[in-house]
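Please read the structure below before turning to the comments.
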Amino acid sequence: MLNPVPTLSKVPEGYRHIGVTPICGALGAEVDGVDLSTDVSDDVLAEIRKALNEYLVIFFRGQDMTPDQQKAFGRRFGTLNIHPVYEPLPGHPEILQVVKEANAINNIGDTWHSDATFLPEPPMGSILYAREVPPFGGDTLFANLYLAYEMLTEGMRHMLSSLNAVHSDAFLTQVNAERNATRSTKLRGGQMEAKETIHPVVRTHPETGRKCLYVNEPFTVRFDGMSAEESRPILDYLLAHIKRPEFTCRFRWQAGSIAFWDNRCTHHYALNDYHGYRREMHRVTVNGDRPY
Ligand code: SIN
């Protein structure tokens, strides 16, 4: 019998410059009272960071940003990542154009994942700006990896505490021609070497000090020191556990919406349920540090 899932969200306290409204018990809050196309003050920025640490993914509505303004906002949180395997928006190497044309079959991001964990220093966060949305569908789901960790048994947490896992970009780079045939956001052409890196299975968040479960479906391929076959049953258990609805929230986009997620303690999943319609988002990704 599983324990009931504690509610993470609380009535927001200590915000003087922005409005913060939680959208779910597990994670996610809408933030209002800020125009992200402007050079926001340090006080506002500090509250945005506080909201991100408390709610893990924060949403803004009605924004109107040029690519340069979106990059300028992202740079307030760190240096920007140039995606290692996807083609960027022409003229803007720091912007990933997440697009599905009306006649495309597949989208990108339709697995529960954290961005680019195959990098030795995976991104701290991603800022996704909706430019064109379908009339229905195309929502993005998010999951809280602190809760996923905290809701494991003590025995499982103890076992995982000494494990590291191998993360690889093979899911993207070893089938790039096949993926590019059905998706509008293109992987760089040509044969790429698969790259691997190792991260702890339980990660400590560098700002909150809380522990979270740090494995994901497309990029975590095995536990370090074990074969893929030996690792699979436990990995499958953990990946199914992370998807429990009680650990998630779901965001309905409008043109001008922004989702800013903390990539260190969340997963996200882009639903592909809007066939025949175009969806275009611009993603700015902020570099992070080596997980410990
Ligand atoms: C992604 O960054 O994985 C895509 C998210 C989305 O398109 O909603």
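Below, the figures for the structure above:
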{"item": "Meets criteria (within 30 Å of K211 (Cβ to Cβ) and within 16 Å of the ligand (Cβ to nearest atom)) for T185", "result": "no"}
{"item": "Among the residues listed as E280, E217, the single one being within 16 Å of the ligand (Cβ to nearest atom), at pLDDT 95 or above, more than 30 Å from D32 (Cα to Cα) and of a type in the set (D, E, K, R)", "result": "E217"}
{"item": "For V166: the one exception among (1) within 16 Å of the ligand (Cβ to nearest atom); (2) β-branched (V, I, T); (3) in a strand (DSSP E or B)", "result": "(1)"}
{"item": "Residue list for the range 254-283, restricted to those being of a type in the set (S, T, N, Q) and either within 17 Å of the chain's Cα centre (by Cα) or buried (at least 17 other Cβ atoms within 10 Å of the Cβ) (or both)", "result": "S257, N263, T266, N272"}
{"item": "Cβ pairs under 9 Å, 6+ apart, first in the range 260-287 and among the small types (G, A, S), second in a loop (DSSP other than H, G, I, E, B) and more than 10 Å from the ligand (Cβ to nearest atom)", "result": "G276/A102; G276/N103; G276/P134"}
{"item": "Some residue of the range 162-169 being of a type in the set (S, T, N, Q), in contact (Cβ under 8 Å) with a residue 12 or more places away in the chain and within 18 Å of A270 (Cβ to Cβ)", "result": "no"}
{"item": "Unique residue being touching a residue at least 40 places away in the same chain (Cβ under 8 Å), within 21 Å of T117 (Cα to Cα) and either among the polar types (S, T, N, Q) or buried (at least 19 other Cβ atoms within 10 Å of the Cβ) (or both) when the list is F247, F251", "result": "F247"}
{"item": "Hits in the range 142-163 (condition: assigned to a helix (DSSP H, G or I) and touching a Leu at 6+ places or on another chain (Cβ under 8 Å))", "result": "L145, Y146, L147, A148, Y149, L160"}
{"item": "Close pairs from the range 96-108: first more than 12 Å from L271 (Cα to Cα), partner assigned to a loop (DSSP other than H, G, I, E, B) and away from the ligand (no atom under 13 Å from the Cβ), Cβ under 6 Å, at least 6 apart", "result": "A102/G276; A102/Y277"}
{"item": "Residue match in the range 140-156 (condition: in contact with a strand residue (DSSP E or B) (Cβ under 6 Å, 6 or more places away or on another chain), more than 29 Å from I234 (Cα to Cα), in contact (Cβ under 8 Å) with a residue 24 or more places away in the chain and surrounded by fewer than 21 Cβ atoms within 10 Å (Cβ to Cβ))", "result": "no"}
{"item": "Out of A194, A240, sole residue that is of a type in the set (A, V, I, L, M, F, W, C) and either more than 19 Å from the chain's Cα centre (by Cα) or assigned to a loop (DSSP other than H, G, I, E, B) (or both)", "result": "A194"}
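One line per residue, one yes/no per condition, for (1) farther than 18 Å from G62 by Cβ; (2) more than 15 Å from the ligand (Cβ to nearest atom); (3) at pLDDT 95 or above:
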position: Y237; (1), (2), (3): yes, yes, yes
position: S257; (1), (2), (3): no, no, yes
position: F260; (1), (2), (3): no, no, yes
position: D273; (1), (2), (3): yes, no, yes
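The values are calculated or read from the model by the stated rules, or taken from the named source; none is laboratory data. Keep in mind the model is a prediction, meaning the values are calculated, not measured. No Cβ is skipped: glycine too gets one built from the backbone with ideal geometry, and neighbour counts run over all protein chains shown.
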